[in-house]
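Below is one structure, written out as structure tokens; comments come after it.
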Ligand SMILES: [Ca+2]
Ligand SMILES: [Ca+2]
Ligand SMILES: [Ca+2]
């Protein structure tokens, strides 16, 4: 089985673009993205220039019973540590880039439990993909991009009491009147048992922590970047991205740009090699007309 995916994985490793080059100045501005976290009002599916974004500081799309639309159990009672603050998407030179602004780095402690930041999920015209945020979620390599084919390809990562993982309660939410909490948020992680053949490549990841003041000190900034070619799309598709904390107490989702279809680098090389072969053959057969313009 290894030989079946070794070549694509090798090519992906060789051809993977570098990370987006996240640079944060002394005022907390993310230079390469041209944004400053916590400087814009909340809003969903905002499109401005080359950026698509959702901003939901101190807001959860789910109206939790007794809590309302704050990351449960409420921002004054610890919910802030699960607060997904902002999510940005863009495509530059066929490279898909995602930027998450969230409350805590990698994991946080609450009521004796360790809660992990979940994996990144992408939907492109009905096709689903997952990017592994951290090895702790399911033992997979950080940055690994998987095609998701079945519900068994994903799993929840927080099942202890006090989380909303097992809740089937219908609650008011931004995504429809009949969705349960797991429907809205889940899944949280790519399953460690996913078929290795569904591995498409690896995203570059970079991150930083910055103190934006008060409850927004310790804010974690996490970037994923990868070539859209890795997804193997047959047609251009509209991108939607979503990420949540493993406890299910907040989720953030953003509609994004259209992922283009471009020839895979390996195909370009083969076409170039084929063209060279034809050219040389042509010269031998027709030396007088040996010019290609
Ligand atoms: Ca916040
Ligand atoms: Ca939030
Ligand atoms: Ca925060």
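The values are calculated or read from the model by the stated rules, or taken from the named source; none is laboratory data. Keep in mind it's a predicted model, so treat the numbers as computed, not measured. Every residue, glycine among them, receives a Cβ derived from its backbone with ideal geometry; neighbour counts consider all protein chains shown.
Tabulated results
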read-out	value
Conditions (1) modelled with pLDDT under 95; (2) away from ligand 2 (no atom under 16 Å from the Cβ); (3) touching a helix residue (DSSP H, G or I) at 6+ places or on another chain (Cβ under 6 Å): number failed by residue 191	(1)
Filter result for residue 43 (surrounded by fewer than 21 Cβ atoms within 10 Å (Cβ to Cβ) and either touching a strand residue (DSSP E or B) at 6+ places or on another chain (Cβ under 6 Å) or under 15 Å from residue 222 (Cα atoms) (or both))	yes
Of residues in the range 212-265 being within 16 Å of ligand 2 (Cβ to nearest atom) and assigned to a loop (DSSP other than H, G, I, E, B), the one farthest from the chain's Cα centre (by Cα)	212
Test: residue 209 is surrounded by 12 or more Cβ atoms within 10 Å (Cβ to Cβ), within 16 Å of ligand 3 (Cβ to nearest atom) and either within 20 Å of residue 98 (Cβ to Cβ) or at pLDDT 55 or above (or both)	yes
Complete set of residues in the range 214-252 that are out of contact with any helix residue (DSSP H, G or I) (no Cβ under 8 Å at 6 or more places or on another chain) and farther than 20 Å from residue 92 by Cα	214, 216, 217, 218, 219, 220, 243, 252
Enumerated strands (runs of 3 or more DSSP E) restricted to the range 35-129, each holding at least 2 residues that are on the phi < 0 side of the Ramachandran plot and within 16 Å of ligand 3 (Cβ to nearest atom)	51-55, 84-92, 95-102, 107-110
Hits in the range 60-90 (condition: within 14 Å of ligand 2 (Cβ to nearest atom) and without any contact (Cβ under 8 Å) to a residue 24 or more places away in the chain)	67, 68, 69, 70, 74
Boolean, residue 203 is in the same structural domain as residue 85 (by TED's automatic domain parsing), away from ligand 3 (no atom under 16 Å from the Cβ) and free of Cβ contacts under 8 Å to residues at least 24 places away in the same chain	no
Residue, nearest to residue 60 (Cα to Cα), within the range 155-179, restricted to residues that are part of a strand (DSSP E or B) and at pLDDT 80 or above	173
